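Below: the structure, in structure tokens.
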């Protein structure tokens with residue numbers, strides 16, 4: 001299931017920092033993901049992992065918004 005989780009994190013603009021084996025069959029993935037992209041992640045992760053996945057989130061830093069999202073925001077405000 002690790003591949004599915006990594007793919008999902010990438011689709012959420014996540015940057016994987018590393019993976020570790022915690023116990024046999026248990027992987028820990030460390031990633032930086034924009035907060036807006038993980039607001040309902042607990043539900044999505046449980047779906048991806050058949051109810052076995054868990055996650056913990058904490059604020060790490062602010063980052064520059066990608067230009068395509070800035071444009072989208074500006075257009076939404078103007079429209």
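Report yes if some residue within the range 32-46 is assigned to a strand (DSSP E or B) and either more than 21 Å from residue 67 (Cα to Cα) or modelled with pLDDT of 95 or more (or both); otherwise report no. Scanning the range 32-46 turns up at least one residue that is assigned to a strand (DSSP E or B) and either more than 21 Å from residue 67 (Cα to Cα) or modelled with pLDDT of 95 or more (or both). Of all residues in the range 13-28, those that are on the phi > 0 side of the Ramachandran plot have Cβ atoms under 6 Å from Cβ atoms of residues that are in a loop (DSSP other than H, G, I, E, B), 6 or more apart or on another chain, in 13/34. Within the range 56-65, the residues that satisfy the criterion of being over 10 Å from the mean Cα position of the chain (by Cα) and either loosely packed, with under 10 Cβ neighbours inside 10 Å or touching a residue at least 12 places away in the same chain (Cβ under 8 Å) (or both) are 56, 58, 59, 60, 61, 62, 63, 64.
The values are calculated or read from the model by the stated rules, or taken from the named source; none is laboratory data. Worth saying up front: this structure is predicted, and the values here are computed from it rather than measured. Methodologically, a virtual Cβ is constructed for each residue, glycine included, from the backbone with ideal geometry; neighbour enumeration extends over all protein chains shown.
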